[in-house]
Amino acid sequence: MLNKNEIFHRSEKNPILTAADWPYSCNTVFNPGAIKFEDHTLLLARVEDHRGFSHLTVARSRNGVDGWEIDTSPTLMPDPANYPEEIWGIEDPRITYIEELNQWAVAYTAYSEGGPLVSIATTRDFHTFERIGAVMPPEDKDAALFPVKFNGRWAMIHRPVSSFGGDGAHISISFSYDLKHWGDHKIVIHARKGGWWDAKKIGISPPPLHTPEGWLILYHGVRTTVAGGIYRLGLALLDLEDPSKILHRSDNWIFGPKEWYERQGDVSDVVFPCGWIEENGEIRMYYGCADTSIALATAKLSDILEYLTQCPAGE
Ligand code: BMA
């Protein structure tokens, strides 16, 4: 059995993008969505300005490691005049290609006066975006769409914070006919309790990935310590036909803050992926580091699945 610490390997070029690389002044760049788009790796990065508000900006590279071409001004700005829930910014985009609509759907966090909530926008070209708008009330974040319908309905993973489900903030699934109105909410992966690395608060990281064994889920868990939270990553597998059913879940975290750029920054000890790309059996995970920069780690899909399918059935 593979050692969990050998699954993901960090790029030697890390951090691959920082505020110093940006064509305009900003505080930090982190938590990017990541896709393959027109022969390029496209990152939709969260960029925090010097007010503390975030917007989203595209960076493109041929090899996904360096040579980034970054939009010279923000690609998607908050629009509080028309969407008041975006008053304090838009954050943490997760991008899913919806083949049936021939569009990309971006699920992101809108930072409203009532707290963070889930919004969705669609695009074909990553220049112009059409907002579906707010789809979940606060507090709710860490949302990502599945690329296909289940029994005629779209499905979305998200993470509400409420008394729904008792103590803790758990990963939930909801369903919709039109991407705007969502229902049939159900908890899929529970935050654990007590001393676990993923106790109390968990959330999906990149969008679910279709594999022969099931929908692959990479999720973050937060361990609260006297020095603050530690954000680490674990794995789960959901049933291909019924994604509200969990098949396996790793007990151990498989990736956590270790290098200096993950340990030090505006929010220390955070690794936070919002996108991954699978190509020829290799996974490239793009992640925010300490809410300050962007890094890359790679893994073999077969290694992930070999490890995960030997993990216990989860809940
Ligand atoms: C989470 C999200 C992420 C952030 C992380 C650590 O709740 O807001 O955007 O990277 O906290 O600050």
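Before moving on, here are some points about what is shown:
- Hits in region 192-216 - residues which are small (G, A, S), open to solvent by less than 10 Å² (accessible area, probe 1.4 Å) and not in a strand (DSSP E or B): S205
- Residues considered: L2, L42. Of these, the only one that is among the aliphatic types (A, V, I, L, M) and at pLDDT 95 or above is L42.
- Residues satisfying the stated conditions in region 175-191, i.e. more than 15 Å from the ligand (Cβ to nearest atom) and part of a loop (DSSP other than H, G, I, E, B): Y177, D178, L179, K180, H181, W182, H190
- Within region 109-131, the set of residues being small (G, A, S) and under 12 Å from I95 (Cβ atoms) comprises A121 only.
- Within region 229-256, tally of residues that are assigned to a strand (DSSP E or B) and farther than 28 Å from K13 by Cα: 7
- Some residue of region 234-256 being touching a residue at least 40 places away in the same chain (Cβ under 8 Å), within 16 Å of the ligand (Cβ to nearest atom) and farther than 26 Å from S302 by Cβ: no
- Only residues that are open to solvent by 10 Å² or more (accessible area, probe 1.4 Å), within 14 Å of the ligand (Cβ to nearest atom) and assigned to a strand (DSSP E or B) were counted across region 257-277, and they come to 1.
- Residues in region 141-159 that are out of contact with any Pro (no Cβ under 7 Å at 6 or more places or on another chain) and open to solvent by 20 Å² or more (accessible area, probe 1.4 Å) were compared, and the one that is nearest to Y111 (Cα to Cα) is P147.
- Residue within region 8-16 that is within 16 Å of the ligand (Cβ to nearest atom), farther than 16 Å from T123 by Cα and in contact (Cβ under 8 Å) with a residue 24 or more places away in the chain present: yes
- The residue list E99, E113, E130 contains one member that is acidic (D, E), in contact with a helix residue (DSSP H, G or I) (Cβ under 9 Å, 6 or more places away or on another chain), modelled with pLDDT of 95 or more and farther than 22 Å from I202 by Cβ, which is E113.
The values are calculated or read from the model by the stated rules, or taken from the named source; none is laboratory data. Note that the coordinates shown come from a computational prediction; the quantities given were computed from them, not determined experimentally. Positions of Cβ are generated from backbone atoms using ideal geometry, with glycine treated the same way; all protein chains shown enter the neighbour counts. All accessible areas refer to the heavy atoms of the entire protein, side chains included, with ligands and DNA or RNA removed. Shrake-Rupley method; radii C 1.70, N 1.55, O 1.52, S 1.80 Å.
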